[in-house]
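Read the structure below first, then the notes.
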Amino acid sequence: MALLLRDPVAPVVDGPPARRTRPRSLWWHLLLAPVALLFATPFVQMFLTSLTPKEDINTFPPRFFPSSVTLEGYAKLFEQSDILRWMGNTVLVSAVAIVSHLILCSLAGYGFARLTFKGRDVGFFMIVGTIMIPTQLLMVPTYILFSRLGIIDTLAAAMVPWLASAFGIFLMRQFFLSLPPELEEAAIVDGCTRLQAFWRIILPLARPALATLAIFTLLGSWNDLVWPLIAINDPQQFTLQLGITNFQGARRTDWSLLMAGNVVATLPLIAFFLVAQRQFLATMTFSGIKG
Amino acid sequence: MSAATATADPVEAHPGRTARRPARARARRANLTGWGFVAPATAVVLGLSAFPAVWAFILSLQDWNGFGTAEPVGLENYSAMVSDAELHAAVTHTVVYTALFVPASVLLGLLLAVLLNRRIVLIGVYRTLIFLPFVASAAATGILTTYLFNPQFGLVNNVLRVVGLPQQGWLEDPAQAMVVITLMSLWGQAAFTTVIYLAALQDIPAELTEAARIDGANRWQAFWHVTFPQLAPVTVFVAIWQTISAIQLFDLVYTTTRGGPLKATETIVYYLWSAAFKDLELGYASAVAYGLFAVTLLITIAVTLYSRRTKVGAF
């Protein structure tokens with residue numbers, strides 16, 4: 001539904017309409033600064049706690065800034081857990097998800113937007129219809145399906161749900177509909193096949209839509225908890241999210257270690273958000289996804 | 001659709017190559033090309049949603065623990081829901097959460113969007129700080145929540161102590177746990193409603209408010225009488241979207257309280273999950289999932305119809 005709201009790649013927060021800055025903007029700062037600090041506090045605590053020596057956490061009154069900075073938490077994290085393996089698993093899952101999503105959804109989006117074939121409209125209608133189906137309806141049968149396929153306790157169980165999505169197909173179709181059809185017609189008249197025209201002419205033009213789709217898939221697959229949770233029990237096959245969630249149950253007392261794990265799991269996305277904020281916002285407006 | 005029909009295979013417009021080929025063969029070729037493009041993604045999407053959705057319905061008519069033989073029980077799973085006290089409690093908790101979360105997230109998004117829709121120094125920094133929590137996963141948010149709201153050494157109780165207010169139990173108090181979960185959901189999701197409102201605010205022509213100001217309205221009046229009505233479709237959309245996500249709350253409950261204390265935060269989906277994967281009542285869990293699906297659909301349809309009738313339609 002969010003899908004219908006805006007152009008997939010419209011610039012979102014390019015900046016408010018220009019207005020002269022008046023002295024009154026001081027009030028604006030007085031309102032905004034505390035709110036922004038409040039939003040930043042949990043992450044700041046996460047970083048600080050990951051660097052806090054163990055003794056500090058049980059002192060009273062509790063301190064916000066650690067008395068000294070230590071990497072103990074990280075040292076223990078890397079020694080006592082498979083965090084590197086989990087990181088590798090998550091990177092692999094997200095990479096497969098993104099590559100597969102981009103290829104399958106842009107092919108299908110192009111087919112539904114530009115080609116004429118029997119069953120096209122019915123097929124597209126069914127795909128859009130699946131957007132209404134909530135995830136929890138699918139948990140039980142998907143679990144059974146995965147166990148019949150023999151992929152329980154393998155990373156495939158975390159990847160398969162992210163290979164393609166109705167949202168991705170819809171997004172790419174909308175984008176391809178907005179391109180002038182003359183582009184690939186010229187290429188085909190010049191002797192390209194459909195696939196060559198798609199690959200050489202159309203896909204390079206679709207970069208903004210592909211960026212939106214890639215971020216959608218990255219956020220969703222990196223932060224996914226439900227599918228790994230129901231399908232993976234073997235700690236060797238954990239994703240980062242599953243790993244740190246399990247940690248939390250087991251080591252509630254060792255906060256610097258827990259927060260170090262949290263930093264390792266979250267920092268890549270934070271860094272990426274800081275670099276590509278504009279694309280993230282475009283993705284957000286278009287999808288409303290939140291893991 | 002019309003755009004696609006208009007572009008029908010351009011090869012057809014190239015008589016030299018196609019004149020000799022019979023029409024039927026050409027149609028077959030077009031079908032093959034078309035399905036060649038769309039089949040892989042279509043198979044994945046339908047195979048992982050439409051197919052399991054139908055399967056879930058069949059399961060909901062059975063009594064099955066996943067191992068033995070499934071026994072057909074007709075609509076018994078659905079009628080069992082009527083007298084299931086734990087499910088009723090879960091529905092209540094979910095309704096409480098939705099009632100807290102949806103209005104709060106809509107108002108917060110509107111407020112933040114208005115605040116951020118101004119070109120002043122540092123606005124980029126403010127915006128980044130407010131939007132950044134959007135990348136926090138449920139797992140990360142869960143760990144942060146248990147730490148910040150820890151009754152002994154958590155930051156929140158420490159702030160209360162400094163300003164002289166009584167200490168609270170937060171996640172350990174059945175009356176407060178859901179409030180804490182709401183607060184942290186807002187932290188993680190405020191960016192979504194804010195960005196939507198921000199985009200909508202920037203689509204409103206500046207002349208509208210300027211005209212109102214010239215006519216003597218003050219800033220506040222101009223906002224409520226001119227800007228806010230323009231945002232009505234967005235408000236309807238955001239409210240539906242947030243309601244649907246609120247009644248499906250699961251992740252953050254799993255990563256903070258696991259339904260506790262004393263099942264005070266057990267939501268419908270958490271109950272569904274534990275019925276399926278802890279108690280292995282696969283049929284019953286599927287029936288609950290279908291019940292939830294039906295409610296979600298009804299809410300969506302009702303709000304859509306209502307907004308159509310009152311002409312604020314977002315759809």
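The values are calculated or read from the model by the stated rules, or taken from the named source; none is laboratory data. Remember, predicted model here, so these are calculated numbers, not experimental data. Note that each Cβ is placed from the backbone with ideal geometry, even for glycine, and that neighbours are counted across all protein chains shown. Each accessible area value is taken on the protein alone, full model and side chains, heavy atoms only, with ligands, DNA and RNA left out. Shrake-Rupley method; radii C 1.70, N 1.55, O 1.52, S 1.80 Å.
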Top of A:Phe47, A:Phe238, A:Phe175 by mean-square fluctuation, Gaussian network on chain A, Cα under 10 Å: A:Phe47
Quick one: helix A:277-287 against the long Cα principal axis of chain A, what's the angle to the nearest 10°, folded into 0 to 90? 60 degrees
Hey, what's the Kirkwood Rh for the protein assembly as shown if you take every pair of different alpha carbons, in angstrom? 26.2 Å
Note the angle between two axes, namely the Cα long axis of helix A:120-129 and the longest principal axis of the Cα atoms of chain A, as a number of degrees from 0 to 90, rounded to the nearest 10. 20 degrees
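I'd like the mean, over residues of B:218-229, of how many other protein chain beta carbons sit within 10 Å of each residue's own Cβ. Working shown, then result.
Values: counts 0, 0, 0, 0, 0, 0, 0, 0, 0, 0, 0, 0.
If you average over the peptide's residues, the count of other-chain Cβ atoms is 0.
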Most mobile of A:Ile83, A:Ile188, A:Ile103 per a Gaussian network model of chain A (Cα springs, under 10 Å)? A:Ile188
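Rounded to the nearest 100 Å², what is the sum over both chains of accessible area buried where A meets B, with a probe of 1.4 Å? Intermediate values should be presented prior to the final figure.
On the way: alone 17480 and 19610 Å², together 26580 Å².
The summed interface area works out to 10500 Å².
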Cα→Cβ-extended label distance, 7 Å offset, between B:Ser83 and A:Val69, nm: 6.5 nm
Which residue, A:Thr49, A:Thr59, A:Thr217, tops the fluctuation ranking in a GNM of chain A built on C-alpha contacts under 10 Å? A:Thr59
Give me the aspartates and glutamates in straight-line cross-link reach of A:Lys76: C-alpha distance below 14 Å, same-chain residues under 8 apart excluded. A:Asp254
Give me the inter-chain shielding for A:259-270: mean count of other chain Cβ atoms within 10 Å, whole number please. 4
Using heavy-atom solvent-accessible surface (probe 1.4 Å) with all chains present, what is the largest-first order of A:His101, B:His88, B:His93? B:His88, B:His93, A:His101
Calculated on alpha-carbon atoms, Rg and Dmax of chain B in Å: 26.2, 91
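Suppose a student asked you for the relative contact order of chain A, using Cα pairs under 8 Å spaced at least 6 residues apart; what percent would you report? Each step should come with its number before you reach the end.
On the way: 311 pairs, mean separation 101.0, N = 291.
Reported as a whole number, the value is 35 percent.
Across chain A, where is the longest run that never hits trypsin sites (Lys or Arg not before Pro) in a DSSP loop with at most 11 other C-beta atoms within 10 Å?
Details: sites that count: A:Arg20, A:Arg24.
The longest such stretch corresponds to A:25-291.
Which helices, counted as full DSSP H runs in chain B, have an axial Cα extent of no less than 27 Å and a Kyte-Doolittle average of 1.6 or above? Display every interim value, and only then the final one.
Details: long enough: B:23-45 (32 Å, 0.24); B:85-116 (45 Å, 1.78); B:177-203 (39 Å, 1.35); B:282-309 (40 Å, 1.25).
Within chain B the helices that satisfy the rule are B:85-116.
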Once each part is reduced to its C-alpha centroid, what is the distance from the range B:139-214 to the range A:204-245 in angstrom? 25 Å
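Can you send over the carbon and sulfur percentage of the accessible area for the protein assembly as shown, probe radius 1.4 Å, protein chains only?
Working: 17470 of 26580 Å².
So the carbon and sulfur contribution to the accessible surface is 66 percent.
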How do B:140-151, B:47-58, A:135-146, A:33-44 rank on mean C-beta neighbours within 10 Å, highest first? B:140-151, A:135-146, B:47-58, A:33-44
Per-residue average of other protein chain Cβ atoms inside 10 Å, peptide B:51-61 -> 4
Between B:Gln62 and residues 5 or more places away or on another chain, which pairs have amide H atoms under 5 Å apart, with H built 1.01 Å from N, and which residues are they? B:Val73
Angle in degrees between helix A:83-114 and the longest Cα principal axis of chain A, rounded to the nearest 10: 20 degrees
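Mean residue ellipticity at 222 nm from the helices of the protein assembly as shown, using -39,500 (n - 2.57) per DSSP H segment of n ≥ 4 over the full residue count, to the nearest 500 deg cm²/dmol? Don't skip to the answer; put the middle values down first.
Details: 31 runs with 397 residues, N = 606.
Mean residue ellipticity, 222 nm, calculated: -20500 deg cm²/dmol.
Rolling a 1.4 Å sphere over the protein heavy atoms, what is the accessible area per residue of the range B:78-309, to the nearest Å²? Walk me through the numbers before you get to the answer.
Values: 9280 Å² over 232 residues.
I get 40 Å² per residue for this part.
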